[in-house]
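Notes to accompany the following structure.
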Amino acid sequence: MQILSERTITVDFLKRRPRRNKKSFAIRRLIEETVLNPSDFIAPFFVTPGLNKKITSGLPDVDILSADQVLKSAEHLHKEGVMALILFPIIENSLKDSIGSESYNESGLIPETVKLLKKELPSMCVITDIALDPYTSHGHDGILDDNGLVANDPSLEILAKQALTHGEAGADIVAPSDMMDGRIGYIRNKLDKQNLSDVSILSYCAKFASSLYKGFRDTLGSKLVSGDKLSYQLSPSNISESLLEAKLDLEEGADMLLVKPSMFYSDVISKIKNFSDVPVGAYQVSGEYSMIKAAGKLNYLDVDSTLKESLISLKRSGADFIISYATEHLISEKTKFFY
């Protein structure tokens, strides 16, 4: 059978040839719709007490760092174009109690880390997680009532104390991730009354009760003594709930919104982005990140290209910024991701 050369046939009725826009790298880059930039990313850091500490965590290629080492890493990332970081504390069990009182200790781990970062690297945006689960002995994001259930309104007071402590330490943005009803408005009111109106609130408006947080919780050392988080986090089955939560948080004064997890919830990002008049972010959580890394080690996929595709998909869905444990990896392989 004779195989015709491509040059032997010309189809004269084709007026539109989309392949013309794919014929060279230069043209493909020229018309690229979705582009990743270092400034799109928020770098997460796990912080531990002490000095000059760098401890391997349960997450692939992610270390637990003392504050001085966070500063060192943040300086490098900032020079490469990363504009923001978010802090998560590793709290000793001896400091945990039923109400998470260490969360608002003015001399605690996170406030002291914030002070160091803002003194030595003032142009870096510092975000702090506002949640009680790293600090409570029972592992929940709020205070428990006499029946062992999370009490919404009493929890707001502790969360607000934590936010005030972080704001007074110099945090640029506080990020409530607890999913208590009314916490955005309550925290906003408390911040404003303490002359901290410049402190922004990034709301985890749609935080789902996901199976993808194990690596994060294991790293924090946060374990539930009883029950689960289904009474305050969102059901993965329900999108209307997430949209309601986002709208309520906007009404209460949220400056930015966040969807967590993100890769499995890109439809939520897109729908919230459609009505939000503030920036919307995505959190590529520990399970989403670790799956890609683990699959790469088994040679099921290429880590670099898969990470890039996953992150582009989040930005394409409407995310204005992305929290990802891959941030340092992206910077170390910068030419593959950003050029």
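Determine, for the range 50-202, the count of lysine pairs separated by eight or more sequence positions (or lying on different chains) whose alpha-carbon distance falls under 19 Å.
Going through the range 50-202 pair by pair, I get 12.
Give the distance, in whole Å, between the Cα centre of the range 233-303 and the Cα centre of the range 123-155.
Taking the Cα centre of each part, the range 233-303 and the range 123-155 sit 20 Å apart.
Find how much the distance from residue 226 to residue 304 grows on full extension, using 0.36 nm per residue of separation minus their present alpha carbon separation; answer in nm with one decimal.
Values: separation 78, 0.36 × 78 = 28.08 nm, distance 3.91 nm.
Using 0.36 nm per residue and subtracting the Cα-Cα distance, I get 24.2 nm.
Using the Cα centre as the reference, give the magnitude of the dipole from point charges on the C-beta atoms of the range 88-155 (Lys, Arg: +1; Asp, Glu: -1; all else neutral), rounded to the nearest 20 debye.
Computed about the Cα centre, the dipole is about 400 debye.
Counting other C-beta atoms within 10 Å, which of 268, 70 has the fewest, and how do the rest follow?
Ordered by Cβ neighbours within 10 Å, fewest first: 70, 268.
When the chain is fully extended, how far beyond the present Cα-Cα distance does residue 16 get from residue 137, taking 0.36 nm per residue of separation?
37.1 nm
Under a point spin-label approximation (7 Å from Cα along Cα-to-Cβ), what is the residue 157-residue 75 distance to one decimal in nm?
For residue 157 paired with residue 75, the spin-label model returns 4.3 nm.
Can you list which of the GluC sites (Glu not before Pro) found in the range 84-140 are DSSP loop residues with at most 16 other C-beta atoms within 10 Å?
Here the GluC sites (Glu not before Pro) that fit, given the DSSP loop and packing criteria, are 92, 106.
With each pseudo-label sitting 7 Å past Cα toward Cβ, what's the residue 61-residue 312 distance in nm, one decimal?
1.8 nm
Summing -39500 (n - 2.57) over the DSSP H runs of n ≥ 4 in the chain and dividing by its residue number, what mean residue ellipticity at 222 nm do you reach, to the nearest 500 deg cm²/dmol?
-11000 deg cm²/dmol
Using 0.36 nm per residue, how much length does the chain from residue 24 to residue 295 gain when fully extended, once their Cα-Cα distance is taken away?
Working: separation 271, 0.36 × 271 = 97.56 nm, distance 3.12 nm.
Fully extending the segment from residue 24 to residue 295 adds 94.4 nm.
In a GNM of the chain with a 10 Å cut-off on Cα contacts, which of 130, 27, 99 has the highest mean-square fluctuation?
27
Which of these values of semi-axes √(5λ) of the Cα gyration tensor in Å was calculated from the structure shown: (1) 25, 24, 23; (2) 35, 26, 20; (3) 39, 23, 20?
Entry (3).
For the residues 56, 335, what sequence is obtained by ranking on other C-beta atoms within 10 Å, fewest first?
Numbers: 56 10, 335 6.
Arranged by neighbour count, lowest to highest, 56, 335 become 335, 56.
Assign unit charges at the C-beta atoms only (+1 for Lys and Arg, -1 for Asp and Glu), then state the dipole size of the range 35-338 relative to its Cα centre in Debye, rounded to the nearest 20.
Computed charge dipole of the range 35-338: roughly 720 debye.
Provide 280, 11 in ascending order of the number of other Cβ atoms located within 10 Å of each residue's Cβ, fewest first.
Sorted ascending by nearby Cβ count, the order is 11, 280.
For the chain, modelled as a Gaussian network with Cα springs under 10 Å, which listed residue fluctuates most, 193, 53, 207?
193
Just to be sure I understand: of the beta bridges DSSP finds with both ends in the chain, what percent are antiparallel, rounded to 5?
Working: 5 of 38 bridges.
Within the chain, antiparallel bridges account for around 15 percent of the total.
How far apart, in nm, are two points set 7 Å out from the Cα along the Cα-to-Cβ line at residue 147 and at residue 119?
Going by the 7 Å Cα→Cβ label model, 4.8 nm.
By its C-alpha gyration tensor, with a ≥ b ≥ c as the square roots of the eigenvalues, how is the range 251-339 shaped: rounded for a/c under 1.5, else prolate for a/b larger than b/c, else oblate? Each step should come with its number before you reach the end.
On the way: a/c = 2.42, a/b = 1.96, b/c = 1.24.
Note, shape of the range 251-339 comes out prolate.
We did not get these values from a lab; they are worked out from the coordinates using the rules stated. All values derive from a computational prediction rather than experimental measurement. Glycine also receives a Cβ, built like all others from the backbone with ideal geometry; neighbour counts cover every protein chain displayed.
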